[in-house]
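Peer 1: Sharing a structure with you now.
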Amino acid sequence: MDLKTFEVWFVTGSQHLYGEETLKQVAAHSQTIAKALDAEKKIPVRVVYKPTVKSPEEIYQICAEANNAQHCIGIIAWMHTFSPAKMWIGGLKVLHKPLLHLHTQFNRDIPWGEIDMDFMNLNQSAHGDREFGFMMSRMRLDRKVVTGHWQDPATIDRINAWSRAAAGWHDWQGARFVRFGDNMRYVAVTDGDKVEAEMRFGYSVNTHGIGDLVDTIKQIADSSVDQLVKEYADKYKLAAGLKKGEVLHESLKDAARIELGLKTFLIEGRYKGYTDTFEDLHGMVQLPGIASQRLMADGFGFGGEGDWKTAALVRAMKTMGSGLPGGNSFMEDYTYHFEPGNELVLGAHMLEICESIADGPVSCEIHPLGIGGKADPVRLVFNSAAGPAINASIVDMGNRFRLLVNEVEAVKPVHKLPKLPVARVLWKPYPDMRTGCTAWILAGGAHHTCYSQNLTAEHLRDFADMAGIEFALIGKNTELYQFRNELRWNEAYYK
Ligand code: MN
């Protein structure tokens, strides 16, 4: 995904009171800042300068335009001078794209020897931005406030994170996700209110019977299958039996046909992600393993067992992380290592971990699944890199959605796992195993997550604010007593 196709609009607020000369300078400064942000390598989207707005009509106009502009994913607003904020009510009332309030100033330093009243009248964001901030708070509008000089790397980092979150949010609007079959029977956390989700998040989730997918898979040409099997052989270390002429080669071809069928179905249906469940595979030869792993690497969202919330989240996080080193994958907290002082979580899934988080050799293997009653599925097996990461989960609390994030530290696997036939990650949850897991469980976090190597809690917090949903963070400073209170207070806030 190329985020450079997206724009954020740089909008400066002022008023007519100052006269033409001052307004000319305001416009010139705004152009300089917008141009610099646009050229900034760290900011993945275009930053487009818009003429200074000075009246309620101009403000309303720019907000309405932003709503309708297909490539505009948000607005950066800055009050270089004072911009009486009642002028902003009409525009802010209709604006439904994310807003970042950049609280900056053109000059980094006060020119001590030169400063006069003209300088003061031009450079007054210190109070102009307070007036604007009051109005947004008075209107109870979520936004990101970023304070600092516009050339300060820390300021750029905040804008970068927000613009990535806005890209993920934009990608959800009108997005389509397909479920093959329903939810895994009796499972609670993967289920939820799809009507509320569409109203709140902007994406739709609809079901197709697995037979529709099977029909597409059957229509894939043998020549396409042969070509994909060759790609597997070139790219991965094929396990014994899978190579051409060997006893399990047909299974590899079956897996390739499933991947091609799924991809065709998703592209033709304009779907950005999907779910499946091993309880509904009628007519399928295998549960999609390598197919889901590779489609995720292509940017599709995926959730196992009918988990549409996680499928959508994986897609959004892949969009947000576009172009950054590291990957994003569907994940499941699977098994614990409770060795005192070296507690670890082993994350994996039955099959479907995205190869974007692979570190070292990737082998293509075939093993029995144990459940589902289908032929042995082909899958990619690999380890994942050490380093900081997050797990994110959206849960449906009935009266609201909660986005829960746990900061973790992935560790380098010390032990070979010769008998474990799935891709895996080992991590230490912050602040520690006892607190991190207890807090996760108290918050009702799912066993399914999106695991990210290249996003931080900041991206997800900005994203939750855009969606207007609850955000709960389990990080380095989490303390259980405080965290429990936070969940209880949020219960009242969202009543
Ligand atoms: Mn699962």
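The values are calculated or read from the model by the stated rules, or taken from the named source; none is laboratory data. All figures in this text were calculated on a predicted structure; none of them were measured in a lab. Heads up, the Cβs are rebuilt from the backbone with ideal geometry, glycines too, and the neighbour counts pull from every protein chain shown. Accessible surface areas use protein heavy atoms only, side chains included; no ligands, DNA or RNA. Shrake-Rupley method; radii C 1.70, N 1.55, O 1.52, S 1.80 Å.
Peer 1: Which condition from (1) modelled with pLDDT of 95 or more; (2) surrounded by fewer than 19 Cβ atoms within 10 Å (Cβ to Cβ); (3) not in a strand (DSSP E or B) is the one that residue 371 breaks?
Peer 2: Single failed check for residue 371: (1).
Peer 1: What number of residues in segment 453-473 are in contact with a Pro (Cβ under 7 Å, 6 or more places away or on another chain) and either closer than 23 Å to residue 411 by Cβ or surrounded by fewer than 22 Cβ atoms within 10 Å (Cβ to Cβ) (or both)?
Peer 2: 1
Peer 1: Going by what's in this entry, would residue 273 be described as of a type outside the set (Ser, Thr, Tyr), farther than 21 Å from residue 334 by Cα, within 16 Å of the ligand (Cβ to nearest atom) and surrounded by 24 or more Cβ atoms within 10 Å (Cβ to Cβ)?
Peer 2: yes
Peer 1: Separate question: Within 16 Å of the ligand (Cβ to nearest atom), open to solvent by 40 Å² or more (accessible area, probe 1.4 Å) and over 30 Å from residue 4 (Cβ atoms), is that true of residue 109?
Peer 2: Considered against the rule, which asks whether it is within 16 Å of the ligand (Cβ to nearest atom), open to solvent by 40 Å² or more (accessible area, probe 1.4 Å) and over 30 Å from residue 4 (Cβ atoms), residue 109 comes out as no.
Yes/no per residue for (1) under 22 Å from residue 430 (Cα atoms); (2) in contact with a strand residue (DSSP E or B) (Cβ under 9 Å, 6 or more places away or on another chain); (3) in contact (Cβ under 8 Å) with a residue 60 or more places away in the chain:
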site	(1), (2), (3)
303	no, yes, yes
313	yes, yes, yes
333	yes, yes, yes
348	yes, yes, yes
356	no, yes, yes
360	no, yes, no
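Peer 1: Take the residues in segment 209-251 that are in a helix (DSSP H, G or I) and touching a helix residue (DSSP H, G or I) at 6+ places or on another chain (Cβ under 6 Å), then tell me which one is most open to solvent (accessible area, probe 1.4 Å).
Peer 2: Restricting to residues being in a helix (DSSP H, G or I) and touching a helix residue (DSSP H, G or I) at 6+ places or on another chain (Cβ under 6 Å), the top hit is 224.
Peer 1: While we're on this one: Condition first: aromatic (Phe, Trp, Tyr) and either touching a Leu at 6+ places or on another chain (Cβ under 8 Å) or farther than 14 Å from residue 179 by Cβ (or both). Now tell me which residues in segment 293-351 satisfy that.
Peer 2: 300, 302, 330, 334, 336, 338
Peer 1: Can you find even one residue in segment 198-208 that is more than 16 Å from the ligand (Cβ to nearest atom), open to solvent by 30 Å² or more (accessible area, probe 1.4 Å), at pLDDT 95 or above and touching an Asp or Glu at 6+ places or on another chain (Cβ under 7 Å)?
Peer 2: Yes: one or more hits.
Peer 1: Follow-up question, since we're still on this one. Could you look through segment 337-391, keep only residues that are more than 23 Å from the chain's Cα centre (by Cα) and among the charged types (D, E, K, R), and pick out the one that is nearest to residue 293 (Cα to Cα)?
Peer 2: The extreme case among them is 379.
Peer 1: For segment 240-250, state whether one or more residues are under 32 Å from the mean Cα position of the chain (by Cα) and basic (Lys, Arg).
Peer 2: So far as segment 240-250 goes, no, none of its residues is under 32 Å from the mean Cα position of the chain (by Cα) and basic (Lys, Arg).
Peer 1: Identify, by number, the condition in (1) aliphatic (A, V, I, L, M); (2) over 27 Å from the mean Cα position of the chain (by Cα); (3) within 30 Å of residue 169 (Cα to Cα) that residue 225 doesn't meet.
Peer 2: All conditions pass for residue 225, except number (3).
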